[in-house]
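Step one of this worksheet: look at the structure below.
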Amino acid sequence: MTREFTIDPITRLEGHGKIQIFLNDAGEVDRAYLQVPELRGFEKFAEGRRAEDMPQITSRICGVCPTAHHMASTKALDDLYKVEAPASAKKIRELIYSTFFVEDHALHFFFLGGPDFIVGPTAPKAERNILGVLGKVGLEIGKEVIGLRKQLRELISLAGGKVIHPVFGLPGGVSRPLKAEDIEKFKAGAAHAVEFGKFCLKVFGDIVLANAAYVDMITSDAYTHRTYYMGMVDAGNKVNFYDGDIRVVDPEGREYVKFSGGDYLGHVAEHVEPWSYMKFCYLKNVGWKGFSEGGESGIYSVAPLARLNVSDGMATPVAQEAYEQFFSTLGGKPVHHTLANHWARVIELVYAAERMAELASDPEIASPDVRTIPTATPKEGVGVVEAPRGTLFHHYATNERGLITKANLIVATQGNAARTAMSVDKAARSMIKGGEIDEGMLNQVEMAFRAYDPCHGCATHTLPGQMPLIVEVRDAGGELVSELRRD
Amino acid sequence: MSKPKVAFYWCASCGGCEEAVVDLAEDVLTVVDAVDIAFWPVALDFKRSDVEAMADGELAATFINGAIRSSEQEEMAELLRRKSQTVVAFGSCAHTGGIPGLANLYTIESILDRVYRDTPSTVNEEGTLPQAETTVPEGILTLPVMDATVRTLDQAIEVDYYLPGCPPPVDLIRAAVMALVEGKLPAKGAVLAPDVALCDECPRAATKPEKLLLKGFKRPQEILIDVETCLLAQGLLCLGPATRSGCGAPCISGNMPCTGCMGPTSRVVDYGAKALSALASLLDSNDEDEIVDMVERVVDPVGTFYRYSLPASLMHRRVEPAGQPGGGPSA
């Protein structure tokens, strides 16, 4: 007899991500499945649209990370029209993008993932939320987080029109130069963000690293997978979110391949399963070997931990120091512990803040020359950026009038889809024994997938707040034999 | 007196409307003070059964964002309708269908075929598609089935008010909540935004010529866009004349044209037809060939004029020509 659990992390009726756990007769986990039950079909209805509308159309894939889609799309337009944006425009784009990264990573650290560590994985559910985080770090800090988020989102609006669905991206540049007074606001915001980033590092150190039980949990086998990693690096192999080559390291940490975004089809492939609307990415030249880890399996991982693993360091000083501590504490490269994503995310937040400060102070950022008018006939273009949740690919083909004939989008969360599915399965097997389940176990299963900051199909709406869990235990006949609600 | 109970819910949407509410909550604690949030799955831990347990009409108001694309979404919208005195369609997708509504240009089959079989990075030799029910060695896994078309909220349930925008501007959200609390809502069916065109509140209004005539439209990548001058006067397809105001013109501040997310004013039945006629009237020619040439420069009329409103339009969807499954680009 097989028993069946359903964990629906959003609500049972509308789950944009659903975990289904099957138990065998002995009450051990047979297999846990992570399903994504939604598709909106952007790749199809992009056909016929004007290429220059794609940055604004594709931002609607996700209202939490619209800036990432907007940026990948804008870079795809550069490539489509074979046009080089002026250096000043690239810097404005990267400034906006760095600002977005600080804001997005801060949101996750404090509101979504933070409760697991700052409050504690086994703390009562009623405390394991943003209010519990504030209880631990102080209400003043809560106001600080909210204030910084507001400040940074206003900056994105100043430079990009709107923060939710910005409008600045054009092939060959940005829609307008920065005003002098806006640059001053960016400088102030950057200084604020750098201090905030240092504070986040301190919070992580004081609360997580100083607690041996937490460190043991991070490094435990239940949360460990030996996979390939993918991320964008600059010419010096330092982490970069806006531009560079894509570097992949193998499970031993050796460079497996480095390629430019335009060559992605030679390296990245997607696998389809009938039980999920999300496709699973893998390395084409290693191949799809099912949901398995190791060097023989093409499954790779993206996002903060992956980016640190593929790079040789961070391009800014405070982040570099934290990067060194990260690998020395966790036993050198590569780090295979999924929960280390939380720490890596804070290190990236610091880098984004420091990069923001560098760019805001760069004299070229004030240049009125922010556009190169494209002259080539458009045909095909690829744009790649690092979204907060991983490497994001936009690929368009057009007719000679610049109307999309084909679009291919590989969203960041897909890069982690296979590994996330394995993490959920492994955590379920580790936590659930002999048919006994309790709330703490379920939270620890959920933690395995929350560490990736998943945004399923970029549509899971993983926003601040407590994710309800509902577990149903059914017998082979489908009868409900017991029910556990975490509410 | 107890505080009025308010609910927020999402259907097929991107999460941007939820972010807009979060942006509101940051600086308007008065709103949070004035109402009791009884259901908001994205941020607070309530369940469908909590809603089911409520008396009919117990919720003073429910704000629903996103379009309707599955039976689950429709059922939830119907449930919330029963429990709510007032339902507000929140944001472009609920109001007029939104950008995901452009999926109505294609059949569900052609969408699935493109995504799971045809994209160049997909390796799927067996042609597997997501299934409503899949038997795996351990049991059966199920997925919701998508409806044939995307619908607006008022094509699924009765809607009392509309908050337009992608996402709705924070000022309008705040005003709507306060109007609700104070019992100062306008007549049923109203769009909770100023009933004038964006041009009326545009910061560049002074630079719009009294009589604007154009020899055709330009695309934004073709010109250096001046940051002060009316975008229409620069030849860009700005939908300000046909679009409702209330957004504060953030796209114009970003130096890009209005794309029409706020939808039409109250005097307009079909937004896209209105936008098309408003802009066509600007074309300065009596020569038929020249006019054809000008019109052909508008290369994607559906995506331009119906970007946020195809499901709400008189067309609702594109009927695919016989023998052309999936159809081709609309232009």
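The values are calculated or read from the model by the stated rules, or taken from the named source; none is laboratory data. Bear in mind the structure is a predicted one, so any value in this text is a computation, not a measurement. Cβ sites come from the backbone with ideal geometry, for glycine too, and all protein chains shown count toward neighbours.
Any idea which of B:L153, B:L213, B:L192 is away from chain A (no Cβ under 14 Å), more than 19 Å from the chain's Cα centre (by Cα) and in contact (Cβ under 8 Å) with a residue 40 or more places away in the chain? So that I can check it myself, show each step before the final result.
Numbers: B:L153 fails: more than 19 Å from the chain's Cα centre (by Cα); B:L192 fails: more than 19 Å from the chain's Cα centre (by Cα).
After ruling out the rest, the residue left standing is B:L213.
For the stretch A:168-186, does any single residue satisfy the condition of being surrounded by 24 or more Cβ atoms within 10 Å (Cβ to Cβ) and among the β-branched types (V, I, T)?
Looking for residues that are surrounded by 24 or more Cβ atoms within 10 Å (Cβ to Cβ) and among the β-branched types (V, I, T), one finds at least one in the stretch A:168-186, hence yes.
Take A:A106 and decide whether it is crowded, with 23+ Cβ neighbours inside 10 Å, under 18 Å from the mean Cα position of the chain (by Cα), under 25 Å from A:E446 (Cα atoms) and small (G, A, S).
Values: crowded, with 23+ Cβ neighbours inside 10 Å: yes; under 18 Å from the mean Cα position of the chain (by Cα): yes; under 25 Å from A:E446 (Cα atoms): yes; small (G, A, S): yes.
Yes; evaluated as a whole, the condition is true for this residue.
For the stretch A:378-416: of the residues being of a type in the set (V, I, T) and in a strand (DSSP E or B), which is nearest to A:P304 (Cα to Cα)? First the steps, then the outcome.
Going residue by residue through the stretch A:378-416, those that are of a type in the set (V, I, T) are A:382, A:384-385, A:391, A:398, A:404-405, A:410-411, A:413.
Subsequent filtering for residues that are in a strand (DSSP E or B) retains A:382, A:384-385, A:391, A:398, A:404-405, A:410.
Details: A:V382: 23, A:V384: 16, A:V385: 13, A:T391: 10, A:T398: 33, A:I404: 32, A:T405: 34, A:I410: 17 Å.
My answer is A:T391.
Looking for something at pLDDT 90 or above and β-branched (V, I, T) - is there at least one such residue anywhere in the stretch B:317-328? Reasoning before the result, please.
Of the stretch B:317-328, the ones at pLDDT 90 or above are none.
No: the stretch B:317-328 contains no residue that is at pLDDT 90 or above and β-branched (V, I, T).
Can you name the number of the only condition in (1) touching a strand residue (DSSP E or B) at 6+ places or on another chain (Cβ under 7 Å); (2) closer than 26 Å to B:K5 by Cα that B:E182 fails?
Checking B:E182 against (1) touching a strand residue (DSSP E or B) at 6+ places or on another chain (Cβ under 7 Å); (2) closer than 26 Å to B:K5 by Cα, the one that fails is (1).
Farther than 30 Å from A:A366 by Cβ, surrounded by 15 or more Cβ atoms within 10 Å (Cβ to Cβ) and under 23 Å from the mean Cα position of the chain (by Cα): which single residue out of A:G205, A:G197 fits that description?
Details: A:G197 fails: farther than 30 Å from A:A366 by Cβ.
Of A:G205, A:G197, the one residue that is farther than 30 Å from A:A366 by Cβ, surrounded by 15 or more Cβ atoms within 10 Å (Cβ to Cβ) and under 23 Å from the mean Cα position of the chain (by Cα) is A:G205.
Name the residues in the stretch A:155-191 that are within 17 Å of A:D78 (Cα to Cα) and among the aliphatic types (A, V, I, L, M), would you? Reasoning before the result, please.
As a first pass, look at the stretch A:155-191 and keep what is within 17 Å of A:D78 (Cα to Cα): A:167-176.
Within the stretch A:155-191, A:V167, A:L170, A:V174 meet the criteria.
Would you please list the contacts, defined by Cβ atoms under 6 Å and residues six or more apart or on different chains, that run from a residue in the stretch B:65-89 that is within 11 Å of chain A (Cβ to nearest Cβ) to a residue that is β-branched (V, I, T) and in a strand (DSSP E or B)?
Within 6 Å, the pairs are B:A67/B:V150; B:R69/B:V150.
Which condition does A:H267 not pass, out of (1) of a type outside the set (A, V, I, L, M, F, W, C); (2) more than 29 Å from A:L359 (Cα to Cα); (3) over 21 Å from the mean Cα position of the chain (by Cα), if it passes all the others?
(3)
Mind listing just one residue for me: the one in the stretch A:36-85 that is facing chain B (nearest Cβ under 10 Å) and among the acidic types (D, E) and, of those, farthest from B:G66 (Cα to Cα)?
The residue in question is A:E52.
Any residue in the stretch A:279-305 that is among the charged types (D, E, K, R) sitting within a Cβ distance under 8 Å of a residue that is part of a strand (DSSP E or B)? List the pairs, counting only those 6 or more apart or interchain.
Once the first residue is among the charged types (D, E, K, R) and sits in the stretch A:279-305, its partners that are part of a strand (DSSP E or B) give A:K279/A:E270; A:K279/A:H271; A:K279/B:T122; A:K284/A:V268; A:K284/A:A269; A:K284/B:V123.
Within the stretch B:80-186, considering only strands (runs of 3 or more DSSP E) that don't extend past its boundaries, which have at least 3 residues that are in contact with a helix residue (DSSP H, G or I) (Cβ under 8 Å, 6 or more places away or on another chain) and not β-branched (V, I, T)? Step through it out loud before you land on a result.
Details: elements: B:84-90, B:133-136, B:139-142, B:146-151, B:161-163.
So the answer is B:146-151, B:161-163.
Taking the stretch B:268-284 only, how many residues are touching a residue at least 60 places away in the same chain (Cβ under 8 Å) and closer than 19 Å to B:D195 by Cβ?
Pass one, the stretch B:268-284, residues touching a residue at least 60 places away in the same chain (Cβ under 8 Å): B:271, B:279, B:282-284.
Filter again for closer than 19 Å to B:D195 by Cβ, leaving B:271.
Total meeting the criteria: 1.
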